[in-house]
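Structure first, commentary second.
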Amino acid sequence: MIPGILESQRVSVSDSDNANVTFTEEHKDTPIISITLEPSSGGGDGTTTARVSAVTLTSTTIEFSSKFSGYLHLHAFSAA
């Protein structure tokens, strides 16, 4: 698939076990999601992992393996 719609977001997260992110672009197909975590300085040992638990045309839910504070970097891409 060649992506026609691509968006990037840097979402601030504070001591949470999940994040709900609303897309800024209008996806016509369910987007593929890529995520990376940027822990806040002094915000734990860096062992928190994340997974995509739900995706719709308008939003996604990301779950963390433990309470997380820092930034969630998210890319969503879909066909045009």
Residues whose placed amide H lies under 5 Å from that of GLY4, excluding near-sequence neighbours: SER78, ALA79, ALA80
Cα gyration tensor category, rounded, prolate or oblate, for the chain with a/c compared to 1.5: prolate
For region 2-7, 3J(HN,Hα) per residue [Karplus equation, 6.51 cos²θ - 1.76 cosθ + 1.60, θ = phi - 60°, Hz, x = Gly/Pro]: 9, x, x, 10, 9, 9
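The numbers here are math on the coordinates, done by the rules we state, and not lab data. Model, not experiment: these values are computed from the prediction.
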